[in-house]
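As structure tokens, the structure follows; a few thoughts come after it.
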Amino acid sequence: MDRRDFIKNGGVLLGASTFAAPQSDWAFNRKIKVGLIGCGGRGTGAAFQALQADPDVEIVALADVFPAQLETALNTLKEAHQDRVNVPESRRFVGFDAYKKLLATDVDVALLTTPPSFRPDHLAEAVERGKHVFCEKPMAVDIPGVHRVREAVEKAKSKRLNLVSGYCFRYSNPNRELAQHIHNGSIGDLYSISTFRLGGELTEKPRQADWDDLTYQLYNWFYYQRYSGDIIVEQTVHSIDFMSWMLGGGLPKTVSGTGGRQSRPWDRYGNVWDHFAIEFDYGDGRKGFHFGRQQNGTQPRNSVEAIGSKGFMDVSLLSSYQIEGAHPWKFKGQMNNMYQTQHDELFAAIRNKQLIQDDFMADSTLLAIWAREAAYTGKIISLEEIENSTKTYGPTSDEYSWDMEIDTARIPRPGLNNV
């Protein structure tokens, strides 16, 4: 079951905090006011999880570019939590600048769940306004966006704001226990790690008679590089983040890879690819490998395998977690809903004057963007090259308007693209 299906089917369990430290003078002996920016399915799900995380959470503001989407989210939330969803007309913000209007209110927590291309601007504004944040992954679709996220993370640290990312694998009970074993040397020195995220295609929202090009693209944003960053940045980045976590963080020296578009027609479904195969070379003998695919009718797989000097790790995510070798181990504890755990821990940290700051989220996003660019160009790209990339994939949030020109959605061809 993938993330969207898991949320849709309402799985609910619990977990533990990633990082806790004394917070300054935040004290919540009152209701925690939450604002949702991005009222689609994922945003509505995040709002439900926030409400479940703390009995005194209240949804007080909503923002989206589409009025109908905002109203749908509002009605869905009110139907389940009539007494805890208090969003009058004055706190229903619509348009590309809706996020600024919402963040100018007195909300305590901002849920950032728009398409990824808007994340750097929304995150920067939320931190500037002093809000605690839950922001979905990924954090950007290009390197200039990653740099903006890094700046926002550092500012959040200086302001002692909680910052929880949508990299949910790090909030899974078995994954946390596994990571502890790996980092304590259960398989010795880790030589290589391979991740697989193979599955079917996403659904399309059919074009309506009154939709212009921009409306169609925003409703089907995951099919466009401009908004999603391609499938490796939008979806399979979870596996890349998991790889980086097991390796103890840090960035590789070079990245190379390949990929393309085999199953999707070239005259429909935007300009993203449907498969990637990537090598991350850390320059010290360690290598990471990632394989991602969205093709209907193919064998699904969501797994991680690692080889070390004293054993190996074999993980089939959401079902099996084990280590073989000198220090064998198998997870026998209680599974949890990692999506809900993110919100449980965020709101508990706010209540208890603690901090959770997922500062790894910028580097995990960078790894996926780096991999995409290596595959798009067909080149080996160094850390220095990718860090200095000025290539952007679209306007900033403030540059969007309904009458703007829409670029032709060209599908990348290796050898013809630059970093």
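The values are calculated or read from the model by the stated rules, or taken from the named source; none is laboratory data. What you see is a predicted model, and the numbers here were worked out from it, not measured in a lab. Here the Cβ is made from the backbone with ideal geometry for all residues, glycine too, and neighbour counts use every protein chain on show. Just the protein is used for accessible areas: all its heavy atoms, side chains included, with ligands, DNA and RNA removed. Shrake-Rupley method; radii C 1.70, N 1.55, O 1.52, S 1.80 Å.
Per-residue answers, yes or no, for (1) open to solvent by 60 Å² or more (accessible area, probe 1.4 Å); (2) outside any loop (DSSP other than H, G, I, E, B); (3) at pLDDT below 95; (4) basic (K, R):
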residue: Q49; (1), (2), (3), (4): no, yes, no, no
residue: A68; (1), (2), (3), (4): yes, yes, no, no
residue: T72; (1), (2), (3), (4): yes, yes, no, no
residue: N75; (1), (2), (3), (4): yes, yes, no, no
residue: F96; (1), (2), (3), (4): no, no, no, no
residue: V153; (1), (2), (3), (4): no, yes, no, no
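Among the residues of the range 322-380 satisfying the criterion of being touching a Pro at 6+ places or on another chain (Cβ under 8 Å) and polar (S, T, N, Q), which is surrounded by the fewest Cβ atoms within 10 Å (Cβ to Cβ)? It comes out as Q322. Against the list (1) surrounded by 19 or more Cβ atoms within 10 Å (Cβ to Cβ); (2) among the β-branched types (V, I, T); (3) outside any helix (DSSP H, G or I), the condition T203 fails is (1).
Of these, S320, S303, which one is without any contact (Cβ under 8 Å) to a residue 60 or more places away in the chain, closer than 29 Å to F48 by Cα and small (G, A, S)?
S320
From the list S319, S397, the one residue that fits, being modelled with pLDDT under 95 and more than 21 Å from the chain's Cα centre (by Cα), is S319. Give the residue, chosen from T203, T236, T254, that is free of Cβ contacts under 8 Å to residues at least 12 places away in the same chain and among the β-branched types (V, I, T). None of the others qualify; the one that does is T203.
Looking at P120, P144 in this structure, which one is of a type outside the set (A, V, I, L, M, F, W, C), under 16 Å from T396 (Cα atoms), buried (at least 22 other Cβ atoms within 10 Å of the Cβ) and touching a helix residue (DSSP H, G or I) at 6+ places or on another chain (Cβ under 9 Å)? The unique qualifying residue is P120. Taking the criterion of being within 30 Å of F196 (Cβ to Cβ) and outside any loop (DSSP other than H, G, I, E, B), would at least one residue in the range 398-406 satisfy it? The answer is no; no qualifying residue exists. Under the condition of being over 29 Å from R119 (Cβ atoms) and modelled with pLDDT under 50, the residues counted in the range 22-38 number 0.
Does the range 268-276 contain at least one residue that is among the polar types (S, T, N, Q) and more than 27 Å from Y400 (Cβ to Cβ)? Scanning the range 268-276, I find no residue that is among the polar types (S, T, N, Q) and more than 27 Å from Y400 (Cβ to Cβ), so the answer is no. When the helices (runs of 4 or more DSSP H) confined to the range 210-295 are screened for residues that are open to solvent by less than 20 Å² (accessible area, probe 1.4 Å) and among the hydroxyl-bearing types (S, T, Y), those reaching at least 1 such residues are found at 213-219, 225-228, 237-246.
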